[in-house]
């Protein structure tokens, strides 16, 4: 290659670099403009929380710590929802970095936001047997069953006492019945390592009541919206546990709905009512709709999501036994990425730019009816 060819190639490479740099700058400017141009939408009156309270039902939302720095997020959470739900930072993986230390910072951030906006708090979970959300010191500690019970008791007493009087509702034990049946291949780490069936569940509720006597204590699970193997096992346990004096106050139904097989509204109502016959109200604790497996364009997906949302709200209202409805988010954290890759896994009432979706209006209409 002669000198002239080398210079020509060098100029060509330099031009490519300049073009790439300009494209990068343009994309960066566009993203910054896109991000900072987001504002709080103007929404209909009255706010959603007022509509739900008209039915005697509290409306909550899962508040994510790192989203609170976003003004539209804060504004929507505080204006549209009546209570705040804390989830992630309450898991043992983050809450107990070592056996003898607690990290309350994440919980405290949401607690402060809730306090500033007069929002009661629902906190998830005191006990959850998902190994990926348990710290290594616990999982790899080779503790005896009796020692694990001591650790569990200490954690419940410490955490619930720390927030005594500040948490309106605790989900005490989560997913015990789906995991005992290995739904989707899941396991309950606590049950597998402690043994003795449901004894640890009894104990967990007793310890939670002693530590925070005024709080509402929930037994939480998923796939328990209708009568099936999970809800039947839960029903039998609760019926017997109440006779034993276990202080269970309500049934938490997560309601992560698969749009390919949504629950029937009337079957949900019937299931809620049989727990009500035992004296327990129902709390919808983690509502969202998964439309990722639905074929069709986005408009069809959005319409289906809206219809499912409407039906589940109506089930809550018409059951006369559902007292709380918690949305598991305001807007998907990675909604921009979802749009780019045409995915849509968990959808909420607002899109990535905090504009109300079809589900928002469907949700609102469901609450507006008697």
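Summary table
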| quantity | calculated |
| --- | --- |
| Acute angle (nearest 10 degrees) that the helix 358-368 long axis makes with the longest principal axis of the chain, alpha-carbon atoms | 30 |
| Rounded FRET efficiency, nearest 0.05, which uses the C-beta distance separating residue 307 from residue 196 and R0 of 35 Å | 0.20 |
| Sequence-separation-based contact order of segment 56-151, relative, with Cα cut under 8 Å and 6+ spacing, percent | 29 |
| Globularity index of segment 230-370, i.e. its alpha-carbon radius of gyration over 2.2 N^0.38 Å | 1.15 |
| Estimated [θ] at 222 nm from DSSP helical runs (n ≥ 4, -39500 (n - 2.57)) normalised by residues in the chain, nearest 500 | -15000 deg cm²/dmol |
| Compactness relative to 2.2 N^0.38 Å, alpha carbon Rg of the chain | 1.15 |
| On Cα atoms only, tilt of 229-243 relative to the major axis of the chain in degrees | 40 |
| Degrees between helix 71-80 axis and first principal axis of the chain (Cα, 0 to 90, nearest 10) | 30 |
| Kirkwood-based shape ratio for segment 212-260, expressed as Rg/Rh from alpha carbons | 1.04 |
| Rounded to 5, the percent of DSSP beta bridges in segment 43-368 classed as antiparallel | 10 |
| Length added when fully stretched, residue 42-residue 116, from 0.36 nm per residue minus Cα-Cα | 24.4 nm |
| Estimated inter-spin distance, residue 295 and residue 186, nm [label 7 Å along Cα→Cβ] | 2.9 |
| Mean separation of Cα contacts under 8 Å (6+ apart) over length of the chain, as relative contact order % | 15 |
| Chain lengthening between residue 267 and residue 132 when straightened (0.36 nm per residue, less Cα-Cα) | 45.3 nm |
| Distance from segment 75-151 to segment 176-251 (C-alpha centre basis), Å | 18 |
| Volume in Å³ per residue [convex hull over Cα atoms, computed for segment 84-159] | 82 |
| Inter-probe distance in nm under a simple model that places probes 7 Å from Cα toward Cβ, at residue 214 and residue 244 | 2.9 |
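A short reminder: the numbers here are calculations on the coordinates, not readings from a lab. None of these values were measured; they are calculated from a predicted model. Using ideal geometry, Cβ is built from the backbone for each residue, glycine included, and neighbour counts are taken over all protein chains shown.
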